[in-house]
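So the structure is just underneath, and the comments pick up after that.
The values are calculated or read from the model by the stated rules, or taken from the named source; none is laboratory data. From a predicted model like this one, the values you see are computed outputs, not experimental measurements. Cβ placement follows ideal geometry from the backbone for every residue including glycine, while neighbour counts extend to all protein chains displayed.
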Amino acid sequence: MKGKNILKVILLLLPFTILCGCSSNSNQTAAKKMPTSYHQALKQAQGKTVSYYGFGGSDTQNKWVDDVITPMMKKKGITVKRVPMDIDTIINKLTTEKEANKATGNMDVIWINGENFYNAKKIDLLAKVDPKLIPNMRKYISKDDSDVQKDMDTSIDKKEIPYGNAQLVMIGSKEMFNGDYPTSAEELLSWAKKNPGKLTYVAPPDFTGSAFIRNIIYETVGYKTLNEAPTTKDGIYKAIKPSLKYLNELKPYLWQKGQTYPKTTAQLDKMFADHQFALDFSYNQMYVATQKDAGKFTDDAQTFLFDKGTIGNYNYLAIPKTSSNKAAAIVLINTMLSKEAQTKRLQPKYGATVSPYSVDKVPSEMTKVMNQSSQENGTVSMKELSKKRIPEISGKKIAITEQLWKDHVLNGK
């Protein structure tokens, strides 16, 4: 009799158990799929944990995610798990998941750009994200912007969302240049000849040193010449031969007569701060502000650009196909692109990173911060940066130009 009663109870509870199981499976399936609207993403992401994988070497960027983004997401009922990891390891892990035919993995949002995006796209690691799902992208970023369409000459095809704006800037010693900064390759060479040993740059593959070399190429032969050259060593050598000649002419007037170069930007920063060099470089337009805030640079450091412009590119966010929480990933990206988050990101303690907003859509509060920094810290205004921004070439061509510099300048072949 007792056994029959237990059986009745089990039979009564069975439909509810099945329903609960179906509901749980349904929620898990929904989380793996891309939501159809931002409203749906918010609803599906409630109570979830979203993982953000990105370069962990920047304390200021880590602090921005921890102090600004994480609390904003918490208010939306979502937990952020920040995982510091270099992009090569990220791509390798995603590739391993794909080769193992894994449907889901641990990464929901990754920080990516350039050659790594090219490789990730080529082997189909990334999910497509309709910009309509990201309200702040629609609000602040024009779909016609070149950096929305291409990442270092690779078509984006909705597989990346703009995250940050970088542009090479020159940082000059007001005292050593006597306030008259070299705003062209020709002026730079002339100054170097009169002041031997007071200039240098970081050796590639450091990205800042590499960007300086490409900027010299743009100055001497033009962006179009390099961009349209065949993506072969011989083709690019023919295109940039005058640039290599210029760099070799500059070489004997550099620090250590160009026989050795600083290995890191940190080394160059230190030597610049100590007035060993008159010139420093950064891919962060507001770098001088961050260094002054940290007490590493004085008011002697002033930012300027070449008259013909300097190289600019974006870095991006992407959602891996194996993300198990695509709804929360959408909410995280939208939160990172919010006016509140991007305005706070301009603060020196958060790295003073310029937003990827289109120049005609930048909120007045952010323009005010940039212009105020220009006056107080010797940085460059948003208007001038936008006016003098030159596109980036493909990642494959970057690697070839670095090798040609090594062959024909460093080793003097």
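Please verify whether residue 215 is in contact with a strand residue (DSSP E or B) (Cβ under 7 Å, 6 or more places away or on another chain) and part of a helix (DSSP H, G or I), treating the condition exactly as stated. Against the criterion (in contact with a strand residue (DSSP E or B) (Cβ under 7 Å, 6 or more places away or on another chain) and part of a helix (DSSP H, G or I)), residue 215 qualifies. Could you check residue 165 against (1) part of a loop (DSSP other than H, G, I, E, B); (2) crowded, with 17+ Cβ neighbours inside 10 Å and say which number it fails? Condition not satisfied by residue 165: (1). Anything in the range 237-264 that is exposed (fewer than 13 other Cβ atoms within 10 Å of the Cβ) and in a loop (DSSP other than H, G, I, E, B)? List them, or say none. 259, 260, 263 - these are the residues of the range 237-264 that are exposed (fewer than 13 other Cβ atoms within 10 Å of the Cβ) and in a loop (DSSP other than H, G, I, E, B).
For the range 128-147, give me each residue that is in contact with an Asp or Glu (Cβ under 9 Å, 6 or more places away or on another chain) and surrounded by fewer than 21 Cβ atoms within 10 Å (Cβ to Cβ). Within the range 128-147, 128, 142 meet the criteria.
Take residue 95 and decide whether it is out of contact with any strand residue (DSSP E or B) (no Cβ under 6 Å at 6 or more places or on another chain), more than 16 Å from residue 55 (Cβ to Cβ) and outside any strand (DSSP E or B). Yes; evaluated as a whole, the condition is true for this residue.
Between 85, 1, the distinction of being under 26 Å from the mean Cα position of the chain (by Cα) and modelled with pLDDT under 95 belongs to 85 only. Picking from residues in the range 265-293 that are among the small types (Gly, Ala, Ser) and free of Cβ contacts under 8 Å to residues at least 60 places away in the same chain, the one that is surrounded by the fewest Cβ atoms within 10 Å (Cβ to Cβ) is 266.
In the list 200, 183, which residue meets the criterion of being buried (at least 21 other Cβ atoms within 10 Å of the Cβ) and not in a strand (DSSP E or B)? After applying the criteria, what remains is 200. Any residue at all in the range 46-62 that is at pLDDT below 95 and closer than 15 Å to residue 326 by Cα? Among the residues of the range 46-62, not one is at pLDDT below 95 and closer than 15 Å to residue 326 by Cα, which makes the answer no. Total residues in the range 116-145 satisfying the condition of being among the acidic types (Asp, Glu) and touching a Ser or Thr at 6+ places or on another chain (Cβ under 8 Å): the figure is 1. Helices (runs of 4 or more DSSP H) fully within the range 265-381 that include at least 1 residues being modelled with pLDDT of 95 or more, closer than 30 Å to residue 153 by Cα and among the basic types (Lys, Arg): 326-336, 339-345.
Residues in the range 88-114 that are under 12 Å from residue 125 (Cβ atoms) and crowded, with 21+ Cβ neighbours inside 10 Å: 90, 94, 107, 110, 112.
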